[in-house]
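Colleague: Let me give you the structure first, and then I'll get to my questions.
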Amino acid sequence: MPKRVILLIIDSLMYPALEKAVSEGVAPAFQFFMEKGAVYPNVVTAFPTMSVTVDSSLLTGTYADIHRVPGLVWFHDEEKRLINYGSHVRELWKLGLLRALDDVVYRLNNEHLSQSIATIHEELAAKGKESASINALLYRGNTDHPLRLPALLTLFKPFRGRRKTTGARLFTYGSFARLGPSNQNGHFWQKYGFNNRFSAQELVHLIRADRLPPFTIVYFPDMDKIVHKHGPMDTKGIAQTDKQLQAILHCYPSWEEALYDKCWIIMGDNGQAPIRADRKKALIDLRQLLRSYKIMALKRGVKEDDEIVLAVNERMAFIYTLNLHRVSLAKLAETLRHDRRIDVIAWLEKDAAHVISGVRSGKLTFRPNGAQTDEYEQRWDVQGDLGVLDLTASGGRISYGDYPDALARLYSSLTSHRGTFLIVSAAPGFEFIGEGSPTHVGGASHGALHRHDSLVPMIVARTDSAPKHLRVIDLKEWMLSLLEGETMQEIRESDG
Ligand SMILES: [Zn+2]
């Protein structure tokens, strides 16, 4: 039984590139962990395949129908405004930068992430166990921490009441809250400390100060941007991240000793699909496809005659109708189906999900709790053309193809928040754009339901135990079971 679990999340880490980097000899630390542990190349992540939703799933062991963080960008029905945790500075500016900062820095954890489900930090705290969260965007725990906001920000209204936040016992959130004494790598020109070096520096501080709690989660953000730019097979980001892993391993007299009574879990949070180099083809402009409707402008917010709202999450989008009588979901879906770059179009009618595709013919409807069972022991009632979601069925058992855990992931997203909306997901090679969306022509992008975006590698060193299923939502329970029975007190005593 390990006494401590250390979870390192590396944004956009993918198995094929990791394998390549190791074979080229540019990733010795990754190689060390892989040789000492078990390697699972294909763990299914949450949908949409965006970091905030994935991390919410990881922390709570649920999909978005329970944790209520629907995506990086989504429309808040009660407040009638687009929530955007920060896909691009340009877009944040249009929405009012301060409000967006308030959403990501404060409300994401303290308001949006559902209070009805406990995070792993909260469950551990309830058992008297400490945990640490370093640079994870989702961090909710039981301990109040002051937020060190840049002086200028504190002058603005939304932040006046935002002097503290509730996080894990040991808590780093860029330069807004940190553990170590040094702000090196934590300045505003270094993204306020949301970078790999600062993450590693804070973990090294915990190890050196002998303050490593039973559970630690460390988030390494830098690779996302590198993969977006250079594509899924790029190994430069892996080589750079490996340097940070080496710095962590070097805290111990030998790398072997880093493994002593500890379980290291190293994983990605989402995959990325390649995006074609031809801008005209690569970018699915939803404003163009839906030009016969009145679309909400970002800066103005919802106006009387607006008909639809776009919430673009790179290769996935929520499309909301503001007036069902004027714009029905079925009609919108029919319009979008003519675009062969959109491979999944889904919406809810009563409790049934309807799915069509611009690539595959036919129509599929499904609802939970039917007579068919899938690979994950979930029950469904599935009707129509299984091929729409690349499902196969034999003897009442459903298996998945190009869209891992598609039924649960789609259904959870369709029920993740209030509002009347469609979900669209792009085929590999393409991404959606709306007003001010970031683009990654000739690079890579994510958000979609497709396996390219949805499968992440996980290295576990070392324990023989494995999660019940290889999905991000199955990790919380497993990690808690790894730490069963140990308390901080016991650790201190056994450490002598
Ligand atoms: Zn990204």
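The values are calculated or read from the model by the stated rules, or taken from the named source; none is laboratory data. These numbers were taken from a predicted model, which means no experiment stands behind them. Glycine also receives a Cβ, built like all others from the backbone with ideal geometry; neighbour counts cover every protein chain displayed. Side chains included, ligands, DNA and RNA excluded: accessible areas come from the protein's heavy atoms. Shrake-Rupley method; radii C 1.70, N 1.55, O 1.52, S 1.80 Å.
Colleague: How many residues does segment 1-26 hold that are acidic (Asp, Glu) and either within 25 Å of the chain's Cα centre (by Cα) or within 16 Å of the ligand (Cβ to nearest atom) (or both)?
Modeller: Selection size over segment 1-26: 2.
Colleague: Restricting attention to helices (runs of 4 or more DSSP H) lying wholly within segment 191-297, give those where 2 or more residues are more than 16 Å from the ligand (Cβ to nearest atom) and β-branched (Val, Ile, Thr).
Modeller: Once the helices (runs of 4 or more DSSP H) in segment 191-297 are filtered for at least 2 residues that are more than 16 Å from the ligand (Cβ to nearest atom) and β-branched (Val, Ile, Thr), what remains is 196-208.
Colleague: Cβ-Cβ below 6 Å, separation at least six or inter-chain, first residue in segment 440-459 and on the phi > 0 side of the Ramachandran plot and touching a residue at least 24 places away in the same chain (Cβ under 8 Å), second within 13 Å of the ligand (Cβ to nearest atom) and acidic (Asp, Glu): which pairs?
Modeller: As it stands, the answer is Gly447/Glu314, since those pairs meet every condition given.
Colleague: Tell me yes or no: at least one residue of segment 390-397 is basic (Lys, Arg) and open to solvent by less than 40 Å² (accessible area, probe 1.4 Å).
Modeller: no
Colleague: Listed residues Val54, Val69, Val39, Val5; which is assigned to a strand (DSSP E or B) and open to solvent by less than 10 Å² (accessible area, probe 1.4 Å)?
Modeller: Testing whether each residue is assigned to a strand (DSSP E or B) and open to solvent by less than 10 Å² (accessible area, probe 1.4 Å) leaves just Val5.
Colleague: Run down Glu435, Glu493 and say which single residue is open to solvent by 30 Å² or more (accessible area, probe 1.4 Å) and either part of a helix (DSSP H, G or I) or at pLDDT 95 or above (or both).
Modeller: Answer to the selection: Glu493.
Colleague: Every residue in segment 405-426 that is assigned to a loop (DSSP other than H, G, I, E, B) and open to solvent by less than 10 Å² (accessible area, probe 1.4 Å), please.
Modeller: Across segment 405-426, the qualifying residues are Asp405, Ser416.
Colleague: Val344 fails exactly one of the following numbered conditions: (1) in contact (Cβ under 8 Å) with a residue 60 or more places away in the chain; (2) open to solvent by 10 Å² or more (accessible area, probe 1.4 Å); (3) in contact with a strand residue (DSSP E or B) (Cβ under 9 Å, 6 or more places away or on another chain). What is the number of that condition?
Modeller: The number of the failed condition is (2).
Colleague: Please go through segment 27-59 and pick out each residue that is away from the ligand (no atom under 16 Å from the Cβ), closer than 30 Å to Leu422 by Cβ and in contact with an Asp or Glu (Cβ under 7 Å, 6 or more places away or on another chain).
Modeller: Val44
Colleague: State all residues of segment 347-360 that are of a type outside the set (Lys, Arg) and either closer than 23 Å to Asp453 by Cβ or surrounded by 20 or more Cβ atoms within 10 Å (Cβ to Cβ) (or both); if no residue qualifies, say none.
Modeller: Trp347, Leu348, Ala353, His354, Val355, Ile356, Ser357, Gly358, Val359
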